[in-house]
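Encoded as structure tokens, the structure appears first; notes follow it.
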Amino acid sequence: MGFVLFNREIPTRLDEILLPEQTAAVVVDVQNDFCSPGGRADQRGSDLSPLAEAVKRMTVLLEDARRHGINVIYIQNTVLPEGRLSPAPDLARRAAMWGEQDPLITIEGTWGHAIVDTVAPRPGDLVIRKFRQSGFVGTNLELALRAGGCQAVVVVGVETHGCVEGTARDAMARDFATVLVRDCVASCDRSLHVASLRVMETLLPKGWIADADAVRRAWAADRPRGR
């Protein structure tokens, strides 16, 4: 059970907060430029193996989410050709990450922009393009969550220390119960992945950074009628 504060019941257990009818799975930036051989991350020599492991596990998790009637929402990192929608500060950030000669990745309409085939959206899933690190900035993600009656989000994707953490932090700031799936998020740099999880552990209630098995058990838990 959770606890009582100011005469209110405060749920904290995963099976209390991850009610299927009130939960959405948010998939962040699982795209070819980040995750696939031949993509931009691969071209610059990044180690894709942590991402491949996470994508394999999240494929199973998302199938289970759909079986429980949980909404699956994909966040698709998007850049327009010639840096349109990217003012100087954003271009400076991108150049620092990807090089001044060719700083644009996941350009709309390219193979690198596409979501990885093995975890591609199914009919009924929602795909939301984003133009900044957080899935909430300049998008209709919050509107989609509220319209679907969502009170909790399960966040998976890449990279942990970047767009995953940015999206999770903004979900928390918007009062969604936010669960980060430890073995379904990854960074090419394992040290940054570990550091990000450590920081998030200081921000989220105990147990809200959980492995996929714990999340699946919560979805499948027996509940009183009406829950």
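The values are calculated or read from the model by the stated rules, or taken from the named source; none is laboratory data. The structure presented is a predicted model; accordingly, all values stated were derived computationally and were not measured. Neighbour counts run over all protein chains shown; Cβ positions are idealised from the backbone, glycine included.
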Report task. Output the number of the condition that A144 fails; it satisfies all remaining conditions of (1) small (G, A, S); (2) closer than 27 Å to A92 by Cβ; (3) in a helix (DSSP H, G or I). Result -> (2)
Requested in this report: Using the structure shown, decide if W208 is in contact (Cβ under 8 Å) with a residue 40 or more places away in the chain, in contact with a Pro (Cβ under 7 Å, 6 or more places away or on another chain), of a type in the set (A, V, I, L, M, F, W, C) and farther than 30 Å from R40 by Cα.
Outcome: no
Report summary line: Reported set for the stretch 176-227 where residues are within 20 Å of C35 (Cβ to Cβ), in contact with a Leu (Cβ under 7 Å, 6 or more places away or on another chain) and small (G, A, S) is A186, A212
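Just to be sure I understand, how many residues within the stretch 115-124 are of a type outside the set (K, R) and surrounded by fewer than 16 Cβ atoms within 10 Å (Cβ to Cβ)? It would help to see each step written out before you state the result.
Start the filter on the stretch 115-124 by keeping residues that are of a type outside the set (K, R), which leaves 115-121, 123-124.
Filter once more, keeping what is surrounded by fewer than 16 Cβ atoms within 10 Å (Cβ to Cβ): 117-118, 120-121, 123-124.
So the count comes out to 6.
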Report task. Within the stretch 62-83, identify whether any single residue is more than 29 Å from A221 (Cβ to Cβ) and touching a helix residue (DSSP H, G or I) at 6+ places or on another chain (Cβ under 6 Å), and answer yes or no. Result -> yes
Query raised in the report: Can you find even one residue in the stretch 159-167 that is surrounded by fewer than 23 Cβ atoms within 10 Å (Cβ to Cβ), modelled with pLDDT of 95 or more and farther than 26 Å from M97 by Cβ?
Result: no
Query raised in the report: Looking only at strands (runs of 3 or more DSSP E) that fall completely inside the stretch 1-97, which ones have 1 or more residues that are among the aromatic types (F, W, Y), surrounded by 15 or more Cβ atoms within 10 Å (Cβ to Cβ) and at negative phi?
Result: 71-77
Requested in this report: Test each condition in (1) assigned to a helix (DSSP H, G or I); (2) touching a residue at least 60 places away in the same chain (Cβ under 8 Å); (3) more than 23 Å from I128 (Cα to Cα) for V194 and report the one that comes out false.
Outcome: (2)
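Residue-by-condition table, conditions (1) in contact with a Phe, Trp or Tyr (Cβ under 6 Å, 6 or more places away or on another chain); (2) closer than 14 Å to N77 by Cα; (3) among the β-branched types (V, I, T):
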{"site": "R122", "(1), (2), (3)": "no, no, no"}
{"site": "F136", "(1), (2), (3)": "no, yes, no"}
{"site": "L143", "(1), (2), (3)": "no, no, no"}
{"site": "V164", "(1), (2), (3)": "no, yes, yes"}
{"site": "T178", "(1), (2), (3)": "no, no, yes"}
Query raised in the report: Does R169 fit the bill of being of a type in the set (D, E, K, R) and assigned to a loop (DSSP other than H, G, I, E, B)?
Result: no
Report task. Go through the residues of the stretch 125-135 one by one and say whether even a single one is crowded, with 21+ Cβ neighbours inside 10 Å, in contact with a strand residue (DSSP E or B) (Cβ under 6 Å, 6 or more places away or on another chain) and modelled with pLDDT of 95 or more. Result -> yes
Report task. Scan (1) surrounded by fewer than 22 Cβ atoms within 10 Å (Cβ to Cβ); (2) free of Cβ contacts under 8 Å to residues at least 40 places away in the same chain for the single condition G148 breaks and write down its number. Result -> (2)
**Report entry** From R122, R174, residue being closer than 28 Å to D90 by Cα and modelled with pLDDT of 95 or more
**Finding:** R174
